[in-house]
Amino acid sequence: MKEKVEQLIAEGIEGTDIFVVDLTLSPSNDIKVLLDSDTGLTLADCKKVSRAIEFNLDREEADFSLTVASAGIGEPLVIRQYSKNVGRKVKVTLQDGEVIEAMMTAADEESIQLEWKSREKKPTGKGKITVVNQRTIEYREIKQTIVLITF
């Protein structure tokens, strides 16, 4: 059934910049599709994909429930979402367990660039200075990245 749903989604998003962030199918046929778009996802986009799935699956063959939604806040990013979130504060968890909260200043096909400020001891004398740190991290080093909302 998952292959059929994947095929129907592909047909529903063909010719658009919409992409699948996550697709889950439970043993009880609860289908959950998370979508995003490079230019912004609308309710109409979600409806279109939902209908493409719902109208082409036979409930007589297998009963199912269907949820089609945009990827929400707090969802880990997929690689295609990184460039869209440049300029936002993110929480990056690396494969080795290290966690970095920083501003994502750049993203390309292989890595992201992070920038953050920290207070460090002066090289000479007493007191502290503010230092701007920068780090490039390859996607293969990243376990997950979540966009942080700041007020």
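Among the residues of the range 120-132, are any at pLDDT 95 or above, farther than 22 Å from ILE73 by Cα, not in a strand (DSSP E or B) and not polar (S, T, N, Q)?
Checked the range 120-132: no residue is at pLDDT 95 or above, farther than 22 Å from ILE73 by Cα, not in a strand (DSSP E or B) and not polar (S, T, N, Q).
Tell me, yes or no, whether the range 19-37 has at least one residue that is touching a Lys or Arg at 6+ places or on another chain (Cβ under 7 Å) and touching a residue at least 40 places away in the same chain (Cβ under 8 Å).
Yes: the range 19-37 contains one or more residues that are touching a Lys or Arg at 6+ places or on another chain (Cβ under 7 Å) and touching a residue at least 40 places away in the same chain (Cβ under 8 Å).
Restricted to the range 1-45, and to residues that are hydroxyl-bearing (Ser, Thr, Tyr) and surrounded by fewer than 16 Cβ atoms within 10 Å (Cβ to Cβ), which residue is farthest from ASN85 (Cα to Cα)?
Step by step, filter the range 1-45, then rank; the result is SER28.
If THR39 passes every condition in (1) of a type in the set (Ser, Thr, Tyr); (2) farther than 29 Å from GLN7 by Cβ; (3) outside any strand (DSSP E or B) but one, which one does it miss?
The number of the failed condition is (2).
Looking at the range 26-52 only, could you name the residues that are at pLDDT 90 or above and among the aliphatic types (A, V, I, L, M)?
Listed by number, the residues that qualify are ILE31, VAL33, LEU34, LEU35, LEU43, ALA44, VAL49, ALA52.
Can we say ALA44 is small (Gly, Ala, Ser) and farther than 30 Å from PHE151 by Cβ?
No, not satisfied.
Might you check whether a residue that is in contact with an Asp or Glu (Cβ under 6 Å, 6 or more places away or on another chain) and either closer than 30 Å to LYS117 by Cβ or not in a helix (DSSP H, G or I) (or both) occurs anywhere in the range 86-93? Before you say what the answer is, go through the steps one by one.
Filtering the range 86-93 for residues in contact with an Asp or Glu (Cβ under 6 Å, 6 or more places away or on another chain) gives 91.
Right, trim to either closer than 30 Å to LYS117 by Cβ or not in a helix (DSSP H, G or I) (or both) and you get 91.
Checking the range 86-93: at least one residue is in contact with an Asp or Glu (Cβ under 6 Å, 6 or more places away or on another chain) and either closer than 30 Å to LYS117 by Cβ or not in a helix (DSSP H, G or I) (or both).
Mind telling me which of the residues SER28, SER37, SER65 ends up being touching a strand residue (DSSP E or B) at 6+ places or on another chain (Cβ under 7 Å) and farther than 21 Å from LEU77 by Cβ?
None of the others qualify; the one that does is SER65.
Could you list all residues from the range 52-84 that are farther than 29 Å from VAL147 by Cβ and not in a loop (DSSP other than H, G, I, E, B)?
Once the filter is applied, which keeps residues that are farther than 29 Å from VAL147 by Cβ and not in a loop (DSSP other than H, G, I, E, B), the range 52-84 yields only GLU54.
The values are calculated or read from the model by the stated rules, or taken from the named source; none is laboratory data. Note that this is a predicted model, so its numbers are computed, not measured. So basically every Cβ, Gly included, is an ideal-geometry build from the backbone, and we count neighbours across all protein chains shown.
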